[in-house]
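S.K.: Here's a structure for you.
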Amino acid sequence: MSNVEEKILHGTTTVGIKAKGGIVLCADMRASAGYFIANNNTMKIQKIDAHAGMTMAGGVADAQNITDALRYHSRLYRVRKQGPIPIRSITRLASLMFHQNRGYPFIADILVGGYDADGPALYNIDMFGSVEDKTYVTTGSGSPVAYGHLEEEYRDGISMEDATRVAYNAVAAAIARNIGTGDGINVATISADGFHLLTDAEKAPLKNI
Amino acid sequence: MSYMYMPGATAVGVQFDGGVVFASEKRIAYGNLLVSKSTKKVFQITSKVGAVCAGLVADMQILSLQISALSKIRTMEIERDVPPNTVAKMMSNMMYERRYFPLLTQVIVGGVVGEPAIYTLDPLGSILPDKYAAVGTGAEMALGVLDPQFKDGMSEQDAVELVKKAIRAASLRDTASGDGIDVLVMTKDGAKEFTEPS
């Protein structure tokens, strides 16, 4: 079994910030197994529905299956109820999935963010199913470094533009000082206009240093 | 104890202009005993999609057999070729189903239905898209060759030479890898398979 666990991918930094008018999700692109870089172009931010997204940290297989389940139920909800699923419902579903596997947990720590009738929402769900409502949060092996940047730069009522830059540079800091983190940065915003993954051109002016 | 039956291996997959090429070495060793010098670790799943594995041989054989059967059924259902992403997802589902008793194999799966594509899967069934990939105990050595020498839109001939170089490098420095190279080339015209000495 330890043989399998060695091959499970670990090491990540993801950041989520609740800003005025939306959510920013940000993550690095490295998938590592121990000291080995298994993939250097990993998409750790996933769109769940038009108004919701998530980030994954931990075992890729577990996180991808949770993503599939959340996406399936969100789309089913949209068809059945003729409207977008509340973000807290996605979060509750993820939490129940984690807790049902309490005995042999899914190795994943996820952020669920989105924009619904109540405005922007951001939650962190850990591998045992605990839910926390967050204004700013980071997960993964590089989170101590990213928190250093966030604690310094985050302020209440932060604009989407500023939050995007803060999130990007928090992950950039983690890349500089955490070896499990690296190979590029993905950024997504979710506002009333929906989910948007930033292009390379949009990301270029974000870097502070 | 189970690691005794967890042989090392090196398997690579590379995308090129118009197809994908897979290669693996042919050695099976349990501990220090060389059990087989002629193991096939490349598999044709359909006429357009192939795979290459590293890990427990029984598991990779069962996986490829079951997925090629499911692919045939799926081909009849959709009345066209099954694309590589579908095959990757079928494998992922089968592997994740056994999360508590995993299939001990890493897989590179790919092919060409429309655009060429390859994916790597870990024993639990995570799917990661790649342009080129290496798995197994010799993956580090193989990537040492692939990383600097891979180029987008290579010719078939260059890609075949590159995968052979990668497997050869791994065979030289990984005791669990060696005894020849199996190559599988998938293009839209079908599959080609051949074997070479390392």
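The values are calculated or read from the model by the stated rules, or taken from the named source; none is laboratory data. The shown structure was predicted, so the numbers you read here are calculated from the model rather than taken from an experiment. Every residue, glycine as well, gets a Cβ built from its backbone with ideal geometry; the counts of neighbours run over all protein chains shown. In case anyone asks, the SASA skips ligands and DNA or RNA and just uses the protein heavy atoms, side chains included. Shrake-Rupley method; radii C 1.70, N 1.55, O 1.52, S 1.80 Å.
S.K.: Report the charge-dipole magnitude of chain B in Debye, nearest 20, computed about the Cα centre from +1 at each Lys and Arg Cβ and -1 at each Asp and Glu Cβ. Don't skip to the answer; put the middle values down first.
M.R.: On the way: 20 positive and 22 negative charges, 85 e Å.
Roughly 400 debye, rounded to the nearest 20.
S.K.: Which order do you get for A:Asp126, A:Asp28, B:Asp174 if you rank them by accessible area with a 1.4 Å probe, largest at the top?
M.R.: On the way: A:Asp126 45, A:Asp28 0, B:Asp174 20 Å².
Of A:Asp126, A:Asp28, B:Asp174, the descending order of accessible area is A:Asp126, B:Asp174, A:Asp28.
S.K.: In terms of solvent-accessible area of protein heavy atoms at a 1.4 angstrom probe, what is the ranking of B:Phe16, B:Phe101, B:Phe150, highest value first?
M.R.: Numbers: B:Phe16 10, B:Phe101 175, B:Phe150 30 Å².
These residues rank, largest area first, as B:Phe101, B:Phe150, B:Phe16.
S.K.: Separate question: Need one value: the accessible area of A:His99 in square angstrom, 1.4 angstrom probe, rounded to the nearest 10.
M.R.: Rounded to the nearest 10, that gives 110 Å².
S.K.: I need the P(r) histogram for the range A:35-95: all alpha carbon pairs, bin width 5 Å from 0 out to the longest distance, whole percents.
M.R.: The calculated distribution, bin by bin, is 4, 17, 28, 23, 12, 8, 5, 3, 1, 0.
S.K.: Also, quick follow-up: Between the range A:192-209 and the range B:26-47, how many Å separate their Cα centres?
M.R.: Each part's Cα centre sits 46 Å from the other's.
S.K.: Can you compute the modelled spin-label distance between A:Arg78 and A:Glu132, with each label point 7 Å from Cα toward Cβ, in nm?
M.R.: That separation, rounded to one decimal, is 3.0 nm.
S.K.: So how strong a dipole does the protein assembly as shown carry about its Cα centre when Lys and Arg Cβ are +1 and Asp and Glu Cβ are -1, to the nearest 20 debye?
M.R.: Once rounded to the nearest 20, the dipole reads 740 debye.
S.K.: Further question on the same structure: Can you pull out the GluC sites (Glu not before Pro) in the range B:59-114 that DSSP calls coil and that have at most 16 other Cβ atoms within 10 Å?
M.R.: Details: sites: B:Glu77, B:Glu79, B:Glu97; in loops: B:Glu79.
Answer by residue number: B:Glu79.
S.K.: To one decimal place, what Kirkwood hydrodynamic radius in Å is obtained for the range A:97-140 from all pairs of distinct Cα atoms?
M.R.: Working: mean 1/r = 0.0888 Å⁻¹.
Taking the inverse mean of 1/r over all distinct Cα pairs, the range A:97-140 comes out at 11.3 Å.
S.K.: Quick one: Cα centre-to-centre distance for the range A:19-63 and the range A:79-95, in angstrom?
M.R.: 20
S.K.: Shape verdict for the protein assembly as shown, please, from the Cα gyration tensor: rounded (a/c under 1.5), prolate (a/b greater than b/c) or oblate. It would help to have the intermediate numbers written out before the result.
M.R.: Values: a/c = 1.88, a/b = 1.71, b/c = 1.10.
Prolate is the answer for the protein assembly as shown, as a/c is 1.5 or above and a/b outweighs b/c.
S.K.: Any chance you could list P(r) for the range A:3-202, counting all Cα-Cα pairs in 10 angstrom bins from zero, rounded to whole %?
M.R.: With a bin width of 10 Å, the distribution comes to 10, 39, 37, 13, 1.
S.K.: May I have the extent of the alpha carbons of the range B:117-172 along their three principal axes, as whole Å values ordered from largest to smallest?
M.R.: Between the extreme Cα coordinates on each principal axis of the range B:117-172 lie 33, 28, 16 Å.
S.K.: Could you identify which residue out of A:Val112, A:Val171, A:Val79 has the top mean-square fluctuation in a GNM of chain A using Cα springs shorter than 10 Å?
M.R.: Greatest mean-square fluctuation among the candidates belongs to A:Val79.
S.K.: Calculate the radius of gyration of the Cα atoms of the range B:88-198 to one decimal place, then report Dmax, the largest Cα-Cα distance, as a whole number, both in Å.
M.R.: That works out to 14.7, 42 Å for Rg and Dmax.
S.K.: If you don't mind, there's one more thing I want to ask. Once both labels are modelled 7 Å past Cα along the beta-carbon direction, what's the A:Arg177-A:Lys20 spacing in nm?
M.R.: If labels sit at A:Arg177 and A:Lys20, their model points lie 3.0 nm apart.
S.K.: Can you compute the helix-only [θ] at 222 nm over chain B? Use -39500 (n - 2.57) per DSSP H run of at least 4 residues, normalise by all residues, nearest 500 deg cm²/dmol.
M.R.: -11000 deg cm²/dmol
S.K.: Next up: By a straight-distance test (C-alpha under 17 Å), which aspartates and glutamates pair with B:Lys37 as possible cross-link partners, with residues fewer than eight away in the same chain excluded?
M.R.: Within the straight-line cut-off, B:Lys37 pairs with B:Glu25, B:Asp174, B:Asp179, B:Asp182, B:Glu196.
S.K.: Counting Lys +1, Arg +1, Asp -1, Glu -1, what net charge surrounds B:Ser47 among other residues with beta carbon under 11 Å of its beta carbon? Intermediate values should be presented prior to the final figure.
M.R.: Numbers: positive: B:Lys48, B:Lys72, B:Lys188; negative: B:Asp81, B:Asp189.
Once all neighbours under 11 Å are counted, the net charge is +1.
S.K.: Let me ask you something else. What value, in deg cm²/dmol to 500, does the helix sum -39500 (n - 2.57) over DSSP H runs of n ≥ 4 give at 222 nm once divided by the residues of chain A? Provide the component values of the computation, followed by the final result.
M.R.: On the way: 6 runs with 75 residues, N = 209.
Only helices count here, giving -11500 deg cm²/dmol.
S.K.: If you don't mind, another one. Grab the other residues whose beta carbon is less than 13 angstrom from that of B:Ser36, score K and R as +1, D and E as -1, and report the net.
M.R.: Working: positive: B:Lys26, B:Arg27, B:Lys37, B:Lys40, B:Lys41; negative: B:Glu25, B:Asp179, B:Asp182.
Taking every Cβ under 13 Å from that of B:Ser36, the sum is +2.
S.K.: At 27 Å minimum axial length over the Cα atoms and a Kyte-Doolittle cut of 0.5, report the qualifying DSSP H helices in chain B, or say none. Don't skip to the end; give the middle numbers.
M.R.: On the way: long enough: B:57-78 (31 Å, 0.70).
Once both thresholds are applied, what remains is B:57-78.
S.K.: How much of A:Phe195 can a 1.4 Å solvent probe reach, expressed as accessible area in Å² and rounded to 10?
M.R.: 40
S.K.: Going by accessible area, probe 1.4 Å, with all protein chains left in place, what is the ranking of B:Lys89, B:Lys164, largest first?
M.R.: So, going from the largest accessible area down, we get B:Lys89, B:Lys164.
S.K.: Then there's this: Rounded if a/c is under 1.5, else prolate if a/b beats b/c, else oblate: with a ≥ b ≥ c from the C-alpha gyration tensor eigenvalues square-rooted, which is the range B:1-81? Walk me through the numbers before you get to the answer.
M.R.: Values: a/c = 3.43, a/b = 1.75, b/c = 1.96.
It comes out oblate by the Cα gyration axes.
S.K.: Taking the Cα-to-Cβ direction at B:Asn93 and at B:Ile62 and moving 7 Å from each Cα, how far apart do the two end points lie in nm?
M.R.: Distance between label points: 1.9 nm.
S.K.: In whole angstrom, how long is each semi-axis of the equivalent ellipsoid of chain B, when you take the square root of 5 times every eigenvalue of its Cα gyration tensor and sort them from largest down? Kindly include the intermediate steps, with their values, before the conclusion.
M.R.: Details: eigenvalues 113, 90, 37 Å².
Equivalent ellipsoid semi-axes, largest first: 24, 21, 14 Å.
S.K.: From the square roots a ≥ b ≥ c of the eigenvalues of the alpha-carbon gyration tensor of the range A:156-209, which class results: rounded (a/c under 1.5), prolate (a/b over b/c), or oblate? Intermediate results must be reported in sequence, preceding the final value.
M.R.: Values: a/c = 1.99, a/b = 1.57, b/c = 1.27.
Judged from the Cα gyration tensor, the range A:156-209 comes out prolate (a/c at least 1.5, a/b above b/c).
S.K.: Averaged over every viewing direction, what's the projected area of the C-alpha convex hull for the range A:53-157? Give it in nm², one decimal, please.
M.R.: So the Cα hull casts an average projection of 7.1 nm².
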